[in-house]
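Structure first, then comments.
The values are calculated or read from the model by the stated rules, or taken from the named source; none is laboratory data. Note that the structure is predicted; figures quoted are calculated from it, not measured. Positions of Cβ are backbone-derived with ideal geometry, glycine not excepted, and every protein chain shown enters the neighbour counts.
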Amino acid sequence: MRVNFTVNGRPQEADDVWEGESLLYVLRERLGLPGSKNACEQGECGSCTVRLDGEPVCACLVAAGQVEGREVVTVEGLADFAKQRAERGGCATGACGTDGKAGTSLQDAQHWAAKGQDSQTGEGTELSPVQQAFIDAGAVQCGFCTPGLLVAADEMLERNPNPTDADIREALSGNLCRCTGYEKIMDAVRLAAARQGEAV
Amino acid sequence: MPANGAPTKITQGTRTKGGIGESTLRPDGTLKVTGEFAYSSDMWHEDMLWGQILRSTVAHAEIVSIDTSEALAMAGVYAVMTYDDLPTDVRNYGLEIQDTPVLAHGKVRHHGEPVAIVAADHPETARRAAAKIKVDYRELPVITDEASATAPDAILVHEGRDDHHSGHVPHPNIVHRQPILRGDAAAAAERADFVVKGEYTFGMQDQAFLGPESGLAVPDEDGGVHLYIATQWLHSDLKQIAPVLGLPERKVRMTLSGVGGAFGGREDLSMQIHACLLAMRTGKPVKIVYNRFESFFGHVHRHPAKLYYEHGATKDGKLTHVKCRIVLDGGAYASASPAVVGNASSLSIGPYVVDDVDIEAIALYTNNPPCGAMRGFGAVQACFAYEAQMDKLADAVGMDRVAFRQLNAMEQGTIMPTGQPVDSPAPVAELLRRVKAMPLPPERQWESSEGSDVRQLPGGLSNTTHGEGVVRGVGYAVGIKNVGFSEGFDDYSTAKVRMEVIAGQPVATVHTAMAEVGQGGVTVHAQIARTELGVTQVTIHPADTQVGSAGSTSASRQTYVTGGAVKNSCELVREKVLEIGRRKFGSYHPAWATAELLLEGGKVVTDGGEVLADLVDVLEGESVEVEAEWRHRPTEAFDLRTGQGNGHVQYSFAAHRAVVEVDTELGLVKVIELACAQDVGKALNPLSVIGQIQGGTLQGMGVAVMEEIIVDPKTAKVRNPSFTDYLLPTILDTPIIPVDVLELADDHAPYGLRGIGEAPTLSSTPAVLAAIRNATGLELNRTPVRPEHLTGTA
Ligand code: FES
Ligand code: FES
């Protein structure tokens, strides 16, 4: 079958799609977008998390046919997506939370932050705040969990710009990471929230 | 004990930014957060086929027949191969003992063993074709534990063994046995005022790296093959792959692809040979990607173990003796079992002073899933048991558990059970002191003005309690891990370093075959090059087999050994650069001949800080390149009867304090905090060091309260090969993990550093168990602990 949908703002057409193929397979193997990861293909790890019409979903559990005519955002489009959201006043979907629960202060959030000059690859790449925070906080080791976590964390911060630690843990509880022990991921999300709060 | 030991010696490049000791950021960070980093499962090639492996559905059986005709007839199928299609006489592989068939030959020895392989134009076609292969099995009784393995009439898992351990093992179903005898444990036991015994069980843990086993094999025009692969050691893979393909090593080109974690699970081959065979057979690129179900069968696991211990102490709390017996289940193939036995035995009493010991460790051949390397490698199982024993014995003596450990803690100069002196700092008592001194998390932290936050309680969002029946417990543990490959292994690494001027800037390029699996080796290599060569710009060349071996990314060894190789090659490059400088500019300034010269901030300077030349001018029209091997101090084998020998390179120590809250009615555990103190020698990159310690700590917690591969004892079949049924800690299960880093230099190691990756995985598990025992008063002699063990319904 043929599937038409929008990925990261661009119309895409996938041909010869077999009915059993997942959105994840189509993205990775047919559209050249392997950023969304395939750690379990069982809906258990969140490494394949993408936004489908704004909702975070496990792309491995979505049949390709189900996305006909819909909008998908993947990690490859996250920086652009966040930029557009910022241009529209910090809220791309209009669903941003406003219940000002106390978050982490910028100072607290930054105490681990390292100034680096090591990123020789991809220099000049524009990153979303949450992507930059993951690098700065040391939240990336093997990085296989990272794309899914970034999409999920970005979506949470859109809804809830001042998350408590418990909010962060709840929002990211569908995303497994085997390397970091999650502490630096917590740091990264706190940092992104604090920077975002400062920028507004 | 001093709070700080000898200062770490760094004489070169301390003024260059981004050098060692700074928390510089990962060079691959941007690619990893944008989704552009190419993992092995992301590889794609025009015209590529998909490979699929058919695995055995039973654990132990003779193969009566295999019929591939229906699979071969399917549209879209390009090749089906079985044992009979293997191209050469080399049909087995293995890390140390080549006992693992590439494809099953006449017999399968464990559930999920590869039997046939298929290549097709779509992964689903390949899966369906594999399902059409008819294999007729005649089932055999399964060997699943020590009793069934060593029974007089036991079936031999491997007939006709002639490996180098077969001569000294008491039974052919024992892979390797290592006793350690020192002093006179029986006589010492007479002096003991208190003796405690215990029998412990350690469950089978999975590495559960997130990036599945995967790779792409592309046939080369010269009849060779190029393999893009996620592994821990390219050259070890190469040595095992080439003979099976019938190719010289130079015709098997290996390039490291992005590795999504490893933790020991990528030391053995998985789909490497299968992808190459299919690519050579079809003449087309072949990609194989396991799904999670297959991944549970596709790599070895951590050895489950039974551990039998006897400890004694005098009434003033001094250890008199330890007797122990450690039985590791190696499963159907040897993998790293012999080395795991060496570790388990030599580290079996922990970081304590005991002169009289009687130790034995063995690994079995069974029909259970093969077990091999996983972070902590034999030391993990032992630590779980000896730390439980130390608590029991402290209680018997009537001493505080931490004070009892500190009283018996080893120090620099202590003699190991193997007779090897510990010749670098061993701050065991100090680590315990530090971890104990950290402030405790507040009681009843789930209470807030808005009521109970169930997310902070055992049971979490299942909303099973608001604090009723919840009891807090605190536990401590400390462990010892060796660093590097032991027992006389030639554990070297190779680094190629080039220095030249590019676009008006001095640039260093570092090329090694080190597998970056997430640990941050690439970050550290750039830091070392900056420190040693005084440049800002460092390029890390992709890892491949065009440079000499780096050894394995395991045993906490890469920063030590490949870091050491990079440092060494940089020093050789520096000498050559200075020679060029002397030739070009020596006549302009006497200091070229007389002073100690350094490279700093892109310049040649004297140790007094006077600038002699710009590196750009020195290197103009020249480039300097060195490829050199580097070795740490040699080690010796352990004597096969007494276990004596200077077998280890370096030791690494960490201590944990666990704070848990247990819902005693439902048997649910919430780990609130896992504080860690670790000696790292020298933190080359503090941010990465802390990340390693936290990650290792959480893996230790996983096997304390949730992670276990369940193998049916009647059929030896795996019952839970999925992330639905094999539970990994999520961010909600995870405690806060405060880390206290101590830096006591080891003068034998580059920059005084200590390998750090594994030690935190050791003590985490027993600390959590101790805390649960403290909360519940239960004995708990197995890990992981499940609710039924706490409610008495097991
Ligand atoms: S790959 Fe989709 S949830 Fe794991
Ligand atoms: S799984 Fe490796 S960084 Fe998260």
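Does the stretch B:604-618 include one or more residues that are modelled with pLDDT of 95 or more, small (Gly, Ala, Ser) and over 36 Å from the mean Cα position of the chain (by Cα)?
Within the stretch B:604-618 (the criterion being modelled with pLDDT of 95 or more, small (Gly, Ala, Ser) and over 36 Å from the mean Cα position of the chain (by Cα)), the answer is yes, since at least one residue qualifies.
Could you please find all residues in the stretch A:20-47 being at the interface with another protein chain (Cβ under 8 Å from one of its Cβ atoms) and among the aliphatic types (A, V, I, L, M)?
Matches in the stretch A:20-47: A:Leu33, A:Ala39.
Of the residues in the stretch B:690-721, how many are farther than 20 Å from B:Leu780 by Cβ and surrounded by fewer than 17 Cβ atoms within 10 Å (Cβ to Cβ)?
6
Considering only residues that are within 13 Å of ligand 2 (Cβ to nearest atom) and under 17 Å from A:Gln196 (Cβ atoms), which ones fall in the stretch A:143-164?
A:Leu149, A:Leu150, A:Ala152, A:Ala153
Consider B:Arg631 against the criteria (1) among the basic types (Lys, Arg); (2) closer than 24 Å to B:Glu500 by Cβ; (3) surrounded by fewer than 18 Cβ atoms within 10 Å (Cβ to Cβ): it satisfies all of them except one. Which criterion is unmet?
(2)
Give, as residue ranges, the strands (runs of 3 or more DSSP E) completely inside the stretch B:271-354 that count at least 1 residues that are surrounded by fewer than 24 Cβ atoms within 10 Å (Cβ to Cβ).
It comes to B:305-313, B:319-329.
Cβ-Cβ distance below 8 Å, separation of 6 or more or different chains: which pairs start in the stretch B:442-453 with a residue that is loosely packed, with under 12 Cβ neighbours inside 10 Å and end on one that is not in a strand (DSSP E or B)?
These pairs meet every condition: B:Gly451/B:His466.
Within the stretch A:187-195, identify whether any single residue is within 14 Å of chain B (Cβ to nearest Cβ), over 17 Å from the mean Cα position of the chain (by Cα), farther than 21 Å from A:Cys58 by Cβ and of a type outside the set (Lys, Arg), and answer yes or no.
no
Taking the stretch A:163-181 on its own, how many of its residues are outside any helix (DSSP H, G or I), free of Cβ contacts under 8 Å to residues at least 40 places away in the same chain and more than 7 Å from chain B (Cβ to nearest Cβ)?
Looking only at that region, the number is 1.
Given B:Asp725, B:Asp747, B:Asp740, which one is charged (D, E, K, R) and either assigned to a strand (DSSP E or B) or modelled with pLDDT under 95 (or both)?
B:Asp740
Results for (1) at the interface with another protein chain (Cβ under 7 Å from one of its Cβ atoms); (2) of a type in the set (Ser, Thr, Tyr); (3) outside any loop (DSSP other than H, G, I, E, B), shown as yes or no for each residue.
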{"position": "B:Gly19", "(1), (2), (3)": "no, no, no"}
{"position": "B:Glu22", "(1), (2), (3)": "no, no, no"}
{"position": "B:Leu25", "(1), (2), (3)": "yes, no, no"}
{"position": "B:Thr30", "(1), (2), (3)": "yes, yes, yes"}
{"position": "B:Glu46", "(1), (2), (3)": "no, no, no"}
{"position": "B:Trp50", "(1), (2), (3)": "no, no, yes"}
{"position": "B:Val58", "(1), (2), (3)": "no, no, no"}
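For B:Asp84, which of the numbered conditions (1) over 30 Å from B:Val689 (Cβ atoms); (2) surrounded by 22 or more Cβ atoms within 10 Å (Cβ to Cβ) fails to hold?
Unmet for B:Asp84, out of (1) over 30 Å from B:Val689 (Cβ atoms); (2) surrounded by 22 or more Cβ atoms within 10 Å (Cβ to Cβ): (2).
For the stretch A:42-54, name all the residues that are farther than 18 Å from A:Leu78 by Cβ and either surrounded by fewer than 23 Cβ atoms within 10 Å (Cβ to Cβ) or at pLDDT below 95 (or both).
Listed by number, the residues that qualify are A:Gln42, A:Gly43, A:Glu44.
Out of the residues in the stretch A:55-81 that are more than 12 Å from chain B (Cβ to nearest Cβ) and part of a helix (DSSP H, G or I), which is surrounded by the most Cβ atoms within 10 Å (Cβ to Cβ)?
Of everything passing the filter in the stretch A:55-81, A:Ala59 is surrounded by the most Cβ atoms within 10 Å (Cβ to Cβ).
For the stretch B:128-221, give me every one of the strands (runs of 3 or more DSSP E) that falls completely inside it and has 3 or more residues that are surrounded by 19 or more Cβ atoms within 10 Å (Cβ to Cβ).
B:174-182, B:194-202, B:214-219
In the list B:Gln412, B:Gln381, B:Gln420, which residue meets the criterion of being out of contact with any Asp or Glu (no Cβ under 9 Å at 6 or more places or on another chain) and farther than 25 Å from B:Ile672 by Cβ?
The match here is B:Gln381.
For the stretch B:95-115, which residues satisfy the criterion of being surrounded by fewer than 24 Cβ atoms within 10 Å (Cβ to Cβ) and aliphatic (A, V, I, L, M)?
B:Ile97, B:Val102, B:Leu103, B:Ala104, B:Val115
Can you pull out the residues in the stretch A:133-155 that are in contact with a Ser or Thr (Cβ under 9 Å, 6 or more places away or on another chain) and more than 16 Å from ligand 1 (Cβ to nearest atom)?
Scanning the stretch A:133-155 gives A:Phe134, A:Ile135, A:Gly138, A:Ala139, A:Val140, A:Gln141, A:Asp154.
Name the pairs: first residue in the stretch B:710-736 and within 8 Å of another protein chain (Cβ to nearest Cβ) and free of Cβ contacts under 8 Å to residues at least 24 places away in the same chain, second residue within 16 Å of ligand 2 (Cβ to nearest atom) and among the polar types (S, T, N, Q), Cβ to Cβ under 6 Å, at least 6 apart or on different chains?
These pairs meet every condition: B:Thr730/A:Ser173; B:Ile731/A:Ser173.
Could you pull out the residue among A:Ser22, A:Ser36 that is surrounded by 15 or more Cβ atoms within 10 Å (Cβ to Cβ) and within 16 Å of ligand 2 (Cβ to nearest atom)?
Result: A:Ser36 is the single residue among A:Ser22, A:Ser36 that is surrounded by 15 or more Cβ atoms within 10 Å (Cβ to Cβ) and within 16 Å of ligand 2 (Cβ to nearest atom).
Against the condition charged (D, E, K, R) and over 30 Å from the mean Cα position of the chain (by Cα), how does B:Asp145 come out, does it pass?
no
Criterion first (at pLDDT 95 or above and within 14 Å of chain A (Cβ to nearest Cβ)) does B:His122 satisfy it?
Taking the combined requirement at face value, the residue satisfies it.
Collect the residues in the stretch A:137-162 that are out of contact with any strand residue (DSSP E or B) (no Cβ under 8 Å at 6 or more places or on another chain), in a helix (DSSP H, G or I), more than 7 Å from chain B (Cβ to nearest Cβ) and not aliphatic (A, V, I, L, M), keeping them in residue-number order.
A:Asp154, A:Glu158, A:Arg159
Collect the residues in the stretch B:732-752 that are aliphatic (A, V, I, L, M) and touching a Ser or Thr at 6+ places or on another chain (Cβ under 6 Å), keeping them in residue-number order.
B:Leu732, B:Ile737, B:Ala745
So for the stretch B:674-686 (the condition being over 28 Å from B:Gly342 (Cβ atoms) and either charged (D, E, K, R) or surrounded by fewer than 24 Cβ atoms within 10 Å (Cβ to Cβ) (or both)), does at least one residue qualify?
Yes.
Quick check on my filter: what residues within the stretch A:156-186 are among the hydrophobic types (A, V, I, L, M, F, W, C), more than 16 Å from ligand 1 (Cβ to nearest atom) and within 14 Å of the chain's Cα centre (by Cα)?
Correct list: A:Met156, A:Leu157, A:Ile168, A:Ile185.
Report yes if some residue within the stretch B:473-494 is away from ligand 2 (no atom under 16 Å from the Cβ), within 11 Å of chain A (Cβ to nearest Cβ), under 20 Å from the mean Cα position of the chain (by Cα) and closer than 21 Å to B:Val259 by Cβ; otherwise report no.
No, the conditions are met nowhere in the stretch B:473-494.
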